[in-house]
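Read-outs throughout are calculated quantities, based only on the coordinates presented, and are distinct from any laboratory measurement. On a predicted model such as this, the values are computed, not experimentally measured, just so you know. Here Cβ is always computed from backbone atoms with ideal geometry, including for glycine, and neighbour counts include all displayed protein chains.
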Amino acid sequence: MYIKIYFNDKPLFLCDEMNEEINNYAHHDDAVFIDDFSPPAVNSIIHEMRLEKIHAGIFLHKDFDQLKKAFWKKFLIVKAAGGLVFNEKKEMLFIFRRGKWDLPKGKLDEGETIEQCAVREVEEETGLKNIELKNAIVTTYHTYDENGKHILKESYWFEMHVSGPQKLIPQTIEDINEAKWVKKKNVNELMKNTFPSIKDVLKSFKL
């Protein structure tokens, strides 16, 4: 089992065994590898991941749950949800936010389920209506600092579908400048200017 946590664009793998994807990073000079579990080791790899010279990290421990719990203690956990939305033409919805192509998502509000959050955020950020929620795709993780706090955002992604004529209204208050439908054959062009976690969503959906 493993999860991938992004520090900016750099992946940190927490795992209880190595797989092909993780092995691809293991022997790079700019990757840090730790398999000695302890609180100082957890602090150390978090520190290392923030160094410019390090571009990937691997923390291997036989008890995955214990490892994850130790990492989660170091961050304020923020849950969010969003969607990979398809229309009747099987085109995918992308938004352009703060200079990057992205998928609509946002933070979980108190009292709502993660599924309700996903639908609400897509509606608010794109103007879509009558969204049909399908299957869960993947959960992605990334870190950032805000007001002096270390944040770990846990984002839940869902497949969604809409039908009929729909007017796209990008939520400019959230710095979304554009929302558009994209044909599958044109997605790779957008992936040249996006976040690695968005690439993971598309990869998990087997696009």
For LEU133 and HIS27 in one chain, what is 0.36 nm times their gap in residues minus the Cα-Cα distance, to one decimal in nm?
34.1 nm
Identify the chymotrypsin sites (Phe, Trp or Tyr not before Pro) of segment 1-61 meeting these criteria: DSSP loop state and at most 16 other C-beta atoms within 10 Å of the C-beta.
PHE37
Relative contact order (%) - segment 80-204, alpha-carbon pairs under 8 angstrom, separation at least six
35 percent
Rounded if a/c is under 1.5, else prolate if a/b is larger than b/c, else oblate: which is segment 100-167, with a ≥ b ≥ c the root eigenvalues of its Cα gyration tensor?
prolate
Apply the Karplus parameterisation 6.51 cos²θ - 1.76 cosθ + 1.60, with θ equal to phi minus 60°, to every residue of segment 50-57 and state each ³J(HN,Hα) to the nearest whole Hz, in sequence, with x for glycine and proline.
8, 7, 4, 6, 9, 10, 6, x
With a/c under 1.5 counting as rounded, go ahead and sort segment 1-66 into rounded, prolate or oblate using the C-alpha gyration tensor (a ≥ b ≥ c being the square roots of the eigenvalues; past the cut-off, prolate if a/b is larger than b/c, else oblate).
oblate
Structure-derived percent of Cα pairs over 31 Å apart: which label, when the choices are [x] 20; [y] 10; [z] 24:
[z]
Roughly what would the spin-label model give for LYS90 and SER38, points 7 Å off Cα along C-beta, in nm?
5.5 nm
Please compute the net charge surrounding ASP63, taking Lys and Arg as +1 and Asp and Glu as -1 over other residues with Cβ under 10 Å from its Cβ.
+1
For the GLN66, GLU110 Cβ pair and Förster radius 35 Å, calculated FRET efficiency rounded to 0.05 is 0.75
Select from segment 65-94 those trypsin sites (Lys or Arg not before Pro) which occupy a DSSP coil region and have at most 13 other Cβ atoms within 10 Å, ordered by residue number.
LYS73, LYS74, LYS89, LYS90
With a 10 Å Cβ neighbour count serving as the proxy for reagent exposure, in which order, fewest first, do ILE169, ILE131 appear?
ILE169, ILE131
